[in-house]
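Before any comments, here is the structure.
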Amino acid sequence: EADIYQTPRYLVIGTGKKITLECSQTMGHDKMYWYQQDPGMELHLIHYSYGVNSTEKGDLSSESTVSRIRTEHFPLTLESARPSHTSQYLCASRAGQGYNEQFFGPGTRLTVL
Amino acid sequence: AQKVTQAQTEISVVEKEDVTLDCVYETRDTTYYLFWYKQPPSGELVFLIRRNSFDEQNEISGRYSWNFQKSTSSFNFTITASQVVDSAVYFCALSEMIYNTDKLIFGTGTRLQVFP
């Protein structure tokens, strides 16, 4: 079982603030993902990475950015948060070979006032 | 295009009832994987099962069972003798491999409520 951590779990901030959502995994997985989840439950892939220095945009356009400087760390940054960014953000990782399952972190619930 | 459909938005049952969650998928790939995840109220997605496109054997794990039928492009999930702790949102997902990238295509989820 993968160990994948996200901090903070809950965040309430004002409009215009810069924030970074942290995601770390201890399993040495090459592939990592960020999803945004609507209140209506649907999951949207916003970023993914296949390894160090690799980042790609997902299916849903997002104003956030990501970086992958270390294998275990995949932070997501919003330069200027807006109320439209209010959502749950889920980080996931998986082993690089084949069609292995993704393991998910506990999520960060972000509210922008 | 790849797509996963979970037509049941919400299901309510009373404890000990059996319940089946439907999942229908579309893909042009001949090799693909299907997954089920559980999302309890705490928010994290918990992996339940992975099934590849060449293995149509049904699987049983305790009270959980899965029925994969390629002929109907379905991968249904049955909970036998449901319990209150089964209350969660359940997602079906398809692993897509296009242009050497891989993504999970999720269905919209089915919210299951089990009442005592």
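The values are calculated or read from the model by the stated rules, or taken from the named source; none is laboratory data. Remember, it's a predicted structure, so these values are computed and weren't measured experimentally. Neighbour counts are summed over all protein chains in view; Cβ atoms, including those assigned to glycine, are modelled from backbone coordinates with ideal geometry. Ligands, DNA and RNA are excluded from the accessible area calculation, which covers all protein heavy atoms including side chains. Shrake-Rupley method; radii C 1.70, N 1.55, O 1.52, S 1.80 Å.
What number comes out for the charge environment of A:Glu79, summing +1 per Lys or Arg and -1 per Asp or Glu over other residues with Cβ under 15 Å away? Overall, the nearby charge balance is +2. If I compute solvent accessible area with a 1.4 Å probe over the protein chains, what percent of it on chain A is carbon and sulfur? Here carbon and sulfur together make up 50 percent of the probe-accessible area. Projecting the Cα atoms of B:Ser73, B:Val46, B:Pro116 onto the dipole axis of region B:46-116, where Lys and Arg carry +1 and Asp and Glu carry -1 at the beta carbon, places B:Pro116 farthest toward the positive end. With a 10 Å cut-off between alpha carbons and a GNM built on chain B, which of B:Lys103, B:Lys70, B:Lys38 moves the most? Of B:Lys103, B:Lys70, B:Lys38, the Gaussian network model singles out B:Lys103 as fluctuating most. Net charge of the neighbourhood of B:Gln39, taken over other residues with C-beta under 14 Å away and scored Lys/Arg +1, Asp/Glu -1, is -2. Counting only Cβ charges, +1 for Lys and Arg and -1 for Asp and Glu, the dipole size of region B:33-116 around its Cα centre is about 120 debye. Length available on full extension from B:Asp29 to B:Thr80: 0.36 nm per residue minus the Cα-Cα distance, which gives 15.2 nm. With R₀ set to 30 Å, the beta-carbon distance separating B:Thr5 from A:Leu113 gives a calculated FRET efficiency near 0.25.
When chain B is treated as a GNM, springs tying every alpha-carbon pair under 10 Å, which of B:Ser74, B:Ser53, B:Ser42 comes out with the largest mean-square fluctuation? Highest fluctuation among the options: B:Ser42.
Placing +1 at every Lys and Arg Cβ and -1 at every Asp and Glu Cβ, with all other atoms neutral, what dipole size does the protein assembly as shown have around its Cα centre, in debye to the nearest 20?
520 debye
In this structure the protein assembly as shown gives 47 Å² per residue of accessible area when probed at 1.4 Å with all protein chains present. Take every pair of alpha-carbon atoms less than 8 Å apart whose residues are at least six positions apart; their mean separation over the length of region B:42-93 yields a relative contact order of 21 percent.
With K and R counted +1 and D and E -1, the other residues having a Cβ less than 14 Å from that of B:Ser61 yield a net charge of +2. A simple spin-label model places pseudo-atoms 7 Å from Cα toward Cβ; at A:Asn53 and A:Ile69 they are separated by 1.4 nm.
At a probe radius of 1.4 Å, figure out the B/A buried accessible area, summed over both chains, and give it in Å² to the nearest 100. Walk me through the numbers before you get to the answer.
On the way: alone 6620 and 6320 Å², together 10870 Å².
Adding both sides of the contact gives about 2100 Å².
In the assembled protein chains, A:Ile46 presents an accessible area of approximately 0 Å² (probe radius 1.4 Å). This model, with +1 at the C-beta of Lys and Arg and -1 at the C-beta of Asp and Glu, gives region B:4-76 a dipole about its Cα centre of some 160 debye.
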